[in-house]
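The structure appears right after this line, and notes come after that.
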Amino acid sequence: VWWGTGVGGGLVLNGVPWRGRGAAGEVGHMVVKPGGARCGCGRHGCLEAYAGRARMEREARKAEEEGEKTVLFELMKKKQRTRLTSSIWKKALEAKDPLATKLIERALRMMGVGIASAINLTDVDAVILGGGLGTRLGEEYADRLHEAMRPHIFMPGRQPPVLVAELGELAGAIGAALLTEPPMK
C-alpha cells in the first residue's frame with residue numbers, strides 16, 4: 001500500500017504481481033464510506049478521499065480558512081514548500097498539532113477499514129506500507145494502522161503484519177528502474 005499524495009496499492013500473489021485486468025490492488029479507490037467525501041476520481045467515499053495527502057491538504061486549508069489553528073502552513077513556509085509534504089505532516093504530528101493529528105487519525109481509521117477489507121478478500125501474508133507518508137511516519141504508524149485494521153479483520157487471530165517498505169521513499173523509483181532493465185540471460 002502506497003500512502004502518500006494518494007493511496008495506491010498492488011498485489012503480489014505467489015511471488016508474481018497480480019494486475020487483474022489493469023486495476024488490481026487499487027485500495028485507494030475502495031469505498032470506505034458510502035456517499036462520503038468526493039474523491040479526485042469523481043466517486044464518493046473512496047479511501048483516497050480521506051487518506052491521500054493531497055485531500056488532507058485541501059481539508060487542512062479549508063479548516064485554517066475557517067479559523068482552526070494549525071502549524072502545518074507555518075512549517076510549509078519555513079521549509080519553503082508549496083505543498084504539505086510528508087515531512088511537514090510528520091513535524092506537525094511531532095508538535096502535537098491538533099488539526100494534523102485529527103486528519104491523520106481519520107486517515108488511519110479509513111485505511112484500517114479499506115485495507116482490512118482487502119485482507120478479508122485476499123488473505124495475504126503481509127501488508128507493506130510505502131509511499132511518502134507511509135515511509136516517513138514509519139513503524140509507529142504502521143503499528144497504528146495494524147490496530148486500526150483489527151476490528152475489521154474477519155479472522156483477527158491471523159491478521160497479517162503491517163511492515164514499512166525497506167527501500168523507503170525510493171521504492172517506486174527503484175521498482176520502475178528494474179522494470180526497464182532487460183532480462184538477464
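The values are calculated or read from the model by the stated rules, or taken from the named source; none is laboratory data. All values derive from a computational prediction rather than experimental measurement. No Cβ is skipped: glycine too gets one built from the backbone with ideal geometry, and neighbour counts run over all protein chains shown. Remember, those area values only see protein heavy atoms, side chains included, never the ligands or the DNA or RNA. Shrake-Rupley method; radii C 1.70, N 1.55, O 1.52, S 1.80 Å.
Just to verify a result, which residue in region 99-149, among those that are charged (D, E, K, R) and outside any helix (DSSP H, G or I), is least open to solvent (accessible area, probe 1.4 Å)?
123
Can you run down the residue pairs with Cβ atoms below 9 Å, 6 or more apart or on separate chains, where the first is in region 1-13 and closer than 17 Å to residue 90 by Cβ and the partner is open to solvent by less than 70 Å² (accessible area, probe 1.4 Å) and assigned to a loop (DSSP other than H, G, I, E, B)?
That search, which allows pairs on different chains as well, returns 2/9; 2/10; 2/165; 3/52; 4/52; 5/52.
Just need a number here: residues in region 152-185 that are surrounded by 11 or more Cβ atoms within 10 Å (Cβ to Cβ) and either within 13 Å of residue 127 (Cα to Cα) or at pLDDT 95 or above (or both).
Matching residues across region 152-185 total 10.
Within the group 81, 21, 55, which residue is without any contact (Cβ under 8 Å) to a residue 60 or more places away in the chain, surrounded by 20 or more Cβ atoms within 10 Å (Cβ to Cβ), among the basic types (Lys, Arg) and at negative phi?
So the residue among 81, 21, 55 that is without any contact (Cβ under 8 Å) to a residue 60 or more places away in the chain, surrounded by 20 or more Cβ atoms within 10 Å (Cβ to Cβ), among the basic types (Lys, Arg) and at negative phi is 55.
Take the residues of region 24-42 that are of a type outside the set (Gly, Ala, Ser) and surrounded by fewer than 14 Cβ atoms within 10 Å (Cβ to Cβ): which is farthest from residue 5 (Cα to Cα)?
Per the stated criteria, the residue is 34.
Please count how many residues of region 22-40 are closer than 24 Å to residue 122 by Cα and in a loop (DSSP other than H, G, I, E, B).
9
Pairs only if they're at least six apart or on different chains, beta carbon under 9 angstrom, first in region 163-176 and more than 9 Å from residue 129 (Cα to Cα), second open to solvent by 70 Å² or more (accessible area, probe 1.4 Å) and in a helix (DSSP H, G or I); list them, first residue then second.
Taking only residues 6 or more apart or on different chains, the pairs are 168/136; 169/136.
Just for region 84-98: of the residues that are among the basic types (Lys, Arg) and free of Cβ contacts under 8 Å to residues at least 40 places away in the same chain, which one is surrounded by the fewest Cβ atoms within 10 Å (Cβ to Cβ)?
96
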